[in-house]
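Okay, so here's the structure we're looking at.
The values are calculated or read from the model by the stated rules, or taken from the named source; none is laboratory data. These numbers were taken from a predicted model, which means no experiment stands behind them. We place every Cβ from the backbone using ideal geometry, glycine too, and count neighbours over all the protein chains shown. Remember, those area values only see protein heavy atoms, side chains included, never the ligands or the DNA or RNA. Shrake-Rupley method; radii C 1.70, N 1.55, O 1.52, S 1.80 Å.
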Amino acid sequence: MTKLSPEEFQEGQVLLIDKPLTWSSFQAVNKVKYALIKNLGLPKKFKIGHAGTLDPLASGLLIICTGKFTKRISELQGQIKEYTGTITVGATTPSYDLETEINETFPAEHITSELIIEITKQFIGEIDQFPPIFSALKKDGKRLYEHARAGEEVEIASRKIEITEFEITRIALPEIDFRVVCSKGTYIRSLAFDFGKALNSGAHLTALRRTKIGDFSVENAIEPLAFEKIYNPNFKEAE
């Protein structure tokens with residue numbers, strides 16, 4: 001990655017960051033922001049933001065916009081996205097991923113490779129999807145995950161989303177690896193949960209990586225600590 005000047009960041013840049021597993025999107029943005037403030041002398045109110053959250057349990061492409069390019073965030077959020085990941089069949093969790101413990105187990109002996117490939121066809125095109133109860137969407141002024149953690153039952157409306165590609169890349173039951181290309185607003189956790197039901201079993205998401213947003217690819221992205229190293233002459237790997 002070419003080192004840029006303070007003026008170039010102020011004018012506007014689109015940065016491709018490879019968010020590590022367990023980091024929040026907020027942490028990744030802050031790491032980049034403070035590396036620039038501390039080492040390039042940019043003002044504390046310097047404009048910076050990301051174009052689409054990634055859960056801490058997901059890794060991969062996070063687009064960060066700076067300066068005048070923050071006006072492009074909504075445009076970038078609307079781009080199609082590509083993910084790879086792993087669905088584990090035979091059990092569900094309340095969050096549809098590894099954030100919560102398994103709450104129910106299901107038979108999975110009947111699941112074959114042929115059935116898995118056949119069921120993927122049901123998810124291609126425009127479909128109705130219910131967001132997970134453990135999500136940041138708001139209902140009655142509270143985040144859905146706040147309702148969930150308080151043990152409150154809330155009615156969640158389905159949303160129209162579109163899946164243009166759903167490819168199975170490895171089957172090693174109970175694990176199923178996949179690649180999916182989808183529209184804005186798609187919850188891959190919900191896709192995993194619904195996929196389990198369609199298999200007459202249960203399933204939850206056990207790995208997720210965002211690989212593309214529109215024409216931007218994670219192959220051209222840089223990890224936050226590697227970004228900091230470029231701008232901090234005193235950077236130490238242990239930090």
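Based on this model, can you work out whether ALA226 counts as among the small types (Gly, Ala, Ser) and assigned to a strand (DSSP E or B)? No, not satisfied.
Would you be able to say whether some residue in the range 43-58 is surrounded by fewer than 14 Cβ atoms within 10 Å (Cβ to Cβ) and among the acidic types (Asp, Glu)? Within the range 43-58, not a single residue is surrounded by fewer than 14 Cβ atoms within 10 Å (Cβ to Cβ) and among the acidic types (Asp, Glu). If VAL14 satisfies all but one of (1) surrounded by fewer than 20 Cβ atoms within 10 Å (Cβ to Cβ); (2) in contact with an Asp or Glu (Cβ under 7 Å, 6 or more places away or on another chain); (3) not hydroxyl-bearing (Ser, Thr, Tyr), what's the number of the condition it fails? The failed condition is (2). Considering only the range 75-93, I want to know if a residue exists there that is crowded, with 17+ Cβ neighbours inside 10 Å, aliphatic (A, V, I, L, M) and under 30 Å from TYR231 (Cα atoms). Within the range 75-93, one or more residues are crowded, with 17+ Cβ neighbours inside 10 Å, aliphatic (A, V, I, L, M) and under 30 Å from TYR231 (Cα atoms). The strands (runs of 3 or more DSSP E) falling completely within the range 23-121 that include 2 or more residues that are without any contact (Cβ under 8 Å) to a residue 60 or more places away in the chain and more than 19 Å from LEU173 (Cα to Cα) map to 48-50, 59-66. Residues in the range 180-223 that are closer than 20 Å to ASP55 by Cβ, assigned to a helix (DSSP H, G or I) and of a type in the set (A, V, I, L, M): ILE188, LEU191, ALA192, VAL218.
Considering the range 102-131, and only residues there that are farther than 21 Å from VAL181 by Cα and charged (D, E, K, R), the residue that is farthest from the chain's Cα centre (by Cα) turns out to be GLU109. Scanning the range 103-119 for residues that are under 17 Å from HIS204 (Cβ atoms), open to solvent by less than 100 Å² (accessible area, probe 1.4 Å) and modelled with pLDDT of 95 or more yields GLU104, PHE106, PRO107, ALA108, ILE111, ILE116, ILE119. Here are the criteria: (1) charged (D, E, K, R); (2) under 24 Å from PRO20 (Cα atoms); (3) surrounded by 15 or more Cβ atoms within 10 Å (Cβ to Cβ); (4) modelled with pLDDT of 95 or more. Tell me which single one GLU228 does not satisfy. Tallying (1) charged (D, E, K, R); (2) under 24 Å from PRO20 (Cα atoms); (3) surrounded by 15 or more Cβ atoms within 10 Å (Cβ to Cβ); (4) modelled with pLDDT of 95 or more, GLU228 fails exactly one: (4). Within the set PHE195, PHE178, PHE216, PHE166, the sole residue that is aromatic (Phe, Trp, Tyr), at pLDDT 95 or above, touching a strand residue (DSSP E or B) at 6+ places or on another chain (Cβ under 8 Å) and open to solvent by 30 Å² or more (accessible area, probe 1.4 Å) turns out to be PHE216.
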